[in-house]
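Heads up, the thing below is written out as structure tokens.
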Amino acid sequence: MKAARTDESGWPCPLLGLLSSKPMAEICLAPPNLNTFKDLSQTKRPGAGLFNLGNTCYINVILQCLTYTPPLANYLLSYEHSQSCQQQGFCMMCTMEAHVRKLLNSFLVIGEELPGLLGGRSGAFQHLAVCLVSRCRRKAAASKVVTVHRAPRVLTLCLERADQWTGTKISKFVEYPEYLDLRPYMSDRAGEPLLCSLYAIVVHSGDTCLEGHFLCYTKASNGLWYKMDDESVDNCDIHTVLGQQAYLLFYAR
């Protein structure tokens, strides 16, 4: 049984389990000319839940969030990848295409192993605490500002839920909007609003970062929200979604 991958603070990180062993330059999730980003092209009720195969809740939530990512789902439902794929042997995108089609066309619970999901590598994240001032050669408090240079079509935000020194869980509620304007966070703040719509969140339940459970909330193509907790799929409203201690936020533009 393989446990959840963790980041440097020890916090279980679902995204690390999905990283391919290939260099990033070789990975193409969708063709650049795909322009149907905001809505799924087919209006349906939510698909099936996913069985927990033994500490696989962290994989289940990411698979569900990817399934309801509009541009990726539209691309996979079009068969465009599998019809042109020339990959020898295992292909992650062909596997995802089959999974998404099966999931969105089924109302039963699905339990299957997706090969290749546990392989990958993690990157290092550094936090700047102090800097050496060149003039006086003394340490001083420093801050770092990160802006968005080019607005993405799909935005994923990770809220740090583990104390970097102790590894304990940070349970503070962070308010996040259903609609996010990226313009104030752009390198160039001049111009029209860049509105993104929330379509999925990942939540961790548990007292520490070393244990607990992952679940997610996703917005289906029928415009309704659903709580997805492994094999359980229940409808909910946007107020419930916005009241969670979110770990990951997914927005689409």
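If you go through region 163-204 one residue at a time, how many are in a strand (DSSP E or B) and under 24 Å from residue 218 (Cβ atoms)?
So the count comes out to 14.
So, in region 222-242, how many residues would count as being outside any helix (DSSP H, G or I), open to solvent by 50 Å² or more (accessible area, probe 1.4 Å) and over 12 Å from residue 64 (Cα atoms)?
5
Taking the residues in region 164-192 that are aliphatic (A, V, I, L, M) and in contact (Cβ under 8 Å) with a residue 12 or more places away in the chain as candidates, determine which candidate is most open to solvent (accessible area, probe 1.4 Å).
It comes out as 174.
Applying the selection to region 73-101, what residues are among the hydrophobic types (A, V, I, L, M, F, W, C), crowded, with 18+ Cβ neighbours inside 10 Å and under 23 Å from residue 199 (Cα atoms)?
Within region 73-101, 73, 76, 93, 96, 100 meet the criteria.
When only residues in region 45-60 that are open to solvent by 60 Å² or more (accessible area, probe 1.4 Å) and closer than 23 Å to residue 221 by Cα count, which is modelled with the lowest pLDDT?
This residue is 45.
Could you tell me which of the residues 173, 250 is of a type in the set (Phe, Trp, Tyr) and modelled with pLDDT under 95?
173
Mind listing whichever residues of region 208-221 are within 30 Å of residue 192 (Cα to Cα) and open to solvent by less than 40 Å² (accessible area, probe 1.4 Å)?
217, 218, 220, 221
So for region 244-251 (the condition being open to solvent by 40 Å² or more (accessible area, probe 1.4 Å) and free of Cβ contacts under 8 Å to residues at least 40 places away in the same chain), does at least one residue qualify?
Scanning region 244-251 turns up no residue that is open to solvent by 40 Å² or more (accessible area, probe 1.4 Å) and free of Cβ contacts under 8 Å to residues at least 40 places away in the same chain.
Mind checking which residues of region 152-174 are charged (D, E, K, R) and out of contact with any helix residue (DSSP H, G or I) (no Cβ under 8 Å at 6 or more places or on another chain)?
Residues satisfying the conditions are 160, 161, 163, 169, 172.
The values are calculated or read from the model by the stated rules, or taken from the named source; none is laboratory data. Not measured: the values here are computed from a predicted model. Backbone-built Cβ (ideal geometry, glycine too); neighbour counts: all protein chains shown. Just the protein is used for accessible areas: all its heavy atoms, side chains included, with ligands, DNA and RNA removed. Shrake-Rupley method; radii C 1.70, N 1.55, O 1.52, S 1.80 Å.
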